[in-house]
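These notes concern the structure reproduced below.
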Amino acid sequence: MALLLFLTSFVGNCAEVVWNDVAELNLDQHMEFTVSDSKTVVGDEEWHPDTEKLSRSTEQYLHFRVSIKNPQDIDQSLWLVIPFPAIKQLTVNDGLNTWVTGDATAFSTRPVKSPDYIFPIRLKAKQTTQLSGFMQGEILRYSFSLSTPELVNATYRHTLIRDMSFFGSMATLVIVCLIIFIATKYRSYLSFAMFTLAFGAWMFRVFGYGFEILWPNYPLFNDISYALLLYAVMISSSWMITTLLKQPERQVKYQNVLLGYTGLLIISGALSALFLDLKTTLVIPLYWFFPAVLLWLVIIYKEYKTNSAKAKWFAIAMLPLLLGAAIVVIFALGFSPPIDPVVSLMLGIVTTCLLLTVMISTYLIKLLQSQRDREHQQANELEKLVKARTQELESSNQRLQELAANDPLTKLPNRRSLDLFVDNSLEDNNKIIGIAMLDLDHFKRINDTYGHDVGDIVLYEVARLLRPLNTTDCIAARFGGEEFAVVQRQPDKTRFEALLNEVHMKINKIIIPGYEKIQVKACIGWGISDDKESISECFRRADKALYQAKEQGRNQLVP
């Protein structure tokens with residue numbers, strides 16, 4: 001009874017089109033439409049070929065009808081295709097079958113498993129078949145065509161290959177950008193990956209693949225997913241622009257204005273979802289898009305005026321996407337652009353992604369080169385610093401060695417250096433060594449009379465006379481207090497004695513400026529060891545000769 005009521009509701013004179021055995025017949029120019037408050041029509045409604053002449057609220061139903069005449073002698077099995085749809089409830093009848101489906105129903109209600117709505121129609125030979133039905137929803141987007149199953153399947157395979165190649169490229173780009181972000185921590189890659197992911201997911205939803213793959217049994221998720229993805233595209237695009245145009249140590253021009261405008265989109269979308277209908281919620285980002293584009297252009301222009309090369313290349317890279325997106329938005333608002341919006345958007349986003357990839361990669365390469373140059377410069381500076389520190393350390397070590405080897409007052413080698421000289425002489429098998437012990441006469445009297453400062457001057461003047469004796473084979477050292485020692489390897493006795501006499505005479509001639517009354521005198525005891533005498537015995541013999549010189553009246557040279 002219900003079926004009979006449905007069938008009789010569409011009885012009347014409707015537009016008729018002849019099927020001429022073609023692969024595809026577009027029915028848009030032949031359809032008639034009317035609006036009612038119920039799923040049935042009573043028969044007195046006015047039918048119009050143009051829906052713009054009809055006024056319909058989101059709760060009302062849009063009815064459609066068309067008659068197809070088959071002049072052929074055989075039956076024709078065809079498919080009624082409503083491509084790229086946006087229909088909440090859809091009912092189609094061909095006089096024999098009634099199909100009830102739509103976005104608000106599970107995917108299993110579709111007669112043919114496809115993102116498009118496809119209904120198998122059989123045209124009887126030499127008969128006219130009336131196709132009728134109704135649709136309902138906040139936003140209606142539809143087109144009607146009658147095609148052979150072979151053409152639909154071939155077109156679907158071609159479209160599927162095209163779409164999956166597109167989504168595969170988008171997914172690959174997202175993965176690559178995320179990997180680079182993890183490796184480099186540059187937020188430009190993360191923002192670009194999020195924008196590409198949101199845009200790809202939105203396109204995946206728009207093309208209808210989500211109905212079959214993601215939520216076939218959850219139709220209520222359709223509208224929510226579409227709205228969330230649409231808002232995600234708009235929000236991520238603003239974030240991408242600010243991160244891609246960001247310069248070191250400087251904020252992007254009008255960045256806060258863009259962020260505030262994006263925040264306004266989020267707030268208005270949330271309020272619309274709570275208090276208004278779905279159509280308004282979905283239309284908000286579409287109208288938001290055009291002022292956002294103007295703001296983006298202003299930001300890019302301002303950045304370009306600051307001599308930002310990134311702004312110039314970003315503007316070039318974003319141009320294909322903006323053109324493609326503008327065509328899609330125009331189509332979504334109900335206008336008919338001269339080119340396919342899907343193809344234009346695909347070409348735009350692929351071209352933009354390639355250009356942005358080149359732009360980001362070029363910037364990253366320059367950044368890495370700059371970083372490498374800085375690291376190289378830092379390495380050179382560090383190398384210079386290390387060299388300087390090494391030289392300072394070597395100088396410090398040398399000074400420490402000098403301090404350890406030399407007497408700080410007289411600058412002569414100290415007792416330790418003298419011992420090392422003797423030890424090295426023995427290691428080199430130098431057993432014949434001349435040793436002289438020198439002690440200043442009445443030095444304590446000089447200190448007591450004139451002070452230790454003057455005494456130090458006397459010691460320094462004596463050391464100045466002894467310093468030229470220091471060679472590889474001879475050492476003149478301060479032995480302690482006012483006592484000095486001279487040690488020479490393989491000495492000639494006559495020359496060694498003459499050397500000591502010369503030193504003794506020079507000491508006696510020392511004059512201290514301002515203290516001319518001071519007479520510097522010294523006793524020298526010396527000796528030369530032979531192969532049988534040890535060095536220590538020779539030192540004792542020289543020291544004994546020194547004391548003998550003191551006992552004999554001082555200022556003497558005693559062998």
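Among the residues of the range 263-276, write down those that are within 22 Å of ILE330 (Cβ to Cβ) and in contact (Cβ under 8 Å) with a residue 24 or more places away in the chain. Matches in the range 263-276: LEU265, GLY269.
Scan the range 491-509 and give yes if some residue there is surrounded by 21 or more Cβ atoms within 10 Å (Cβ to Cβ), without any contact (Cβ under 8 Å) to a residue 60 or more places away in the chain and assigned to a loop (DSSP other than H, G, I, E, B), otherwise no. Yes, the range 491-509 contains a residue that is surrounded by 21 or more Cβ atoms within 10 Å (Cβ to Cβ), without any contact (Cβ under 8 Å) to a residue 60 or more places away in the chain and assigned to a loop (DSSP other than H, G, I, E, B). With respect to the stated conditions, SER169 fails to be free of Cβ contacts under 8 Å to residues at least 60 places away in the same chain and in the same structural domain as SER191 (by TED's automatic domain parsing).
Take the residues of the range 424-476 that are in a loop (DSSP other than H, G, I, E, B), of a type outside the set (D, E, K, R) and within 24 Å of GLU537 (Cβ to Cβ): which is modelled with the lowest pLDDT? The extreme case among them is ASN430. Summed over the range 168-177, the residues that are buried (at least 17 other Cβ atoms within 10 Å of the Cβ) and not hydroxyl-bearing (Ser, Thr, Tyr) give a count of 4. All of (1) in contact with a Phe, Trp or Tyr (Cβ under 8 Å, 6 or more places away or on another chain); (2) within 17 Å of ASP21 (Cβ to Cβ); (3) not hydrophobic (A, V, I, L, M, F, W, C) hold for ARG110 with one exception: (2). Quick check on the range 48-106: of everything there that is among the aromatic types (Phe, Trp, Tyr) and under 27 Å from MET203 (Cα atoms), which residue is modelled with the highest pLDDT? The qualifying residue modelled with the highest pLDDT is TRP79. With respect to the stated conditions, ALA477 is within 30 Å of LYS431 (Cα to Cα), touching a strand residue (DSSP E or B) at 6+ places or on another chain (Cβ under 6 Å) and surrounded by 14 or more Cβ atoms within 10 Å (Cβ to Cβ). Looking only at residues in the range 299-310 that are crowded, with 19+ Cβ neighbours inside 10 Å and among the charged types (D, E, K, R), the one that is farthest from the chain's Cα centre (by Cα) is GLU303.
Matching residues to (1) at positive phi; (2) in contact (Cβ under 8 Å) with a residue 24 or more places away in the chain; (3) out of contact with any strand residue (DSSP E or B) (no Cβ under 8 Å at 6 or more places or on another chain); (4) of a type in the set (A, V, I, L, M, F, W, C):
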position: PRO115; (1), (2), (3), (4): no, yes, yes, no
position: PHE144; (1), (2), (3), (4): no, yes, no, yes
position: THR148; (1), (2), (3), (4): no, yes, no, no
position: MET164; (1), (2), (3), (4): no, no, yes, yes
position: SER191; (1), (2), (3), (4): no, yes, yes, no
position: MET194; (1), (2), (3), (4): no, yes, yes, yes
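Being in contact with a helix residue (DSSP H, G or I) (Cβ under 8 Å, 6 or more places away or on another chain) and at pLDDT 75 or above is a property that LEU356 lacks.
Looking across PHE479, PHE443, one residue alone is assigned by TED's automatic domain parsing to the domain that holds GLU497, touching a residue at least 60 places away in the same chain (Cβ under 8 Å) and within 29 Å of GLY553 (Cβ to Cβ). It is PHE479. Condition first: part of a strand (DSSP E or B) and crowded, with 19+ Cβ neighbours inside 10 Å. Can you find one or more residues in the range 36-52 that meet it? Scanning the range 36-52, I find no residue that is part of a strand (DSSP E or B) and crowded, with 19+ Cβ neighbours inside 10 Å, so the answer is no.
Listed here are the residues, each with its yes/no results for (1) crowded, with 22+ Cβ neighbours inside 10 Å; (2) more than 24 Å from VAL35 (Cβ to Cβ); (3) not assigned by TED's automatic domain parsing to the domain that holds ASP21.
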site: GLN127; (1), (2), (3): no, yes, no
site: GLN130; (1), (2), (3): no, no, no
site: GLY133; (1), (2), (3): yes, no, no
site: ARG141; (1), (2), (3): no, no, no
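Name the residue, out of ARG389, ARG374, ARG416, that is within 16 Å of GLU483 (Cβ to Cβ) and surrounded by 10 or more Cβ atoms within 10 Å (Cβ to Cβ).
ARG416
Just the residues that are farther than 18 Å from MET240 by Cα and modelled with pLDDT under 80, please, taken from the range 170-203. Residue satisfying the conditions is ALA183 alone.
The rows are residues; the columns are (1) in the same structural domain as ASP441 (by TED's automatic domain parsing); (2) within 60 Å of the chain's Cα centre (by Cα); (3) in a helix (DSSP H, G or I); (4) surrounded by 14 or more Cβ atoms within 10 Å (Cβ to Cβ).
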| site | (1), (2), (3), (4) |
| --- | --- |
| LYS517 | yes, no, no, no |
| VAL520 | yes, no, no, yes |
| ILE524 | yes, no, no, yes |
| ASP530 | yes, no, no, no |
| PHE539 | yes, no, yes, yes |
| ASP543 | yes, no, yes, yes |
| LEU546 | yes, no, yes, yes |
| ALA549 | yes, no, yes, yes |
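The values are calculated or read from the model by the stated rules, or taken from the named source; none is laboratory data. Treat the numbers as computed from the prediction; the structure is a model and nothing was measured. Note: ideal-geometry Cβ built from the backbone for every residue, glycine included; neighbour counts use all protein chains shown.
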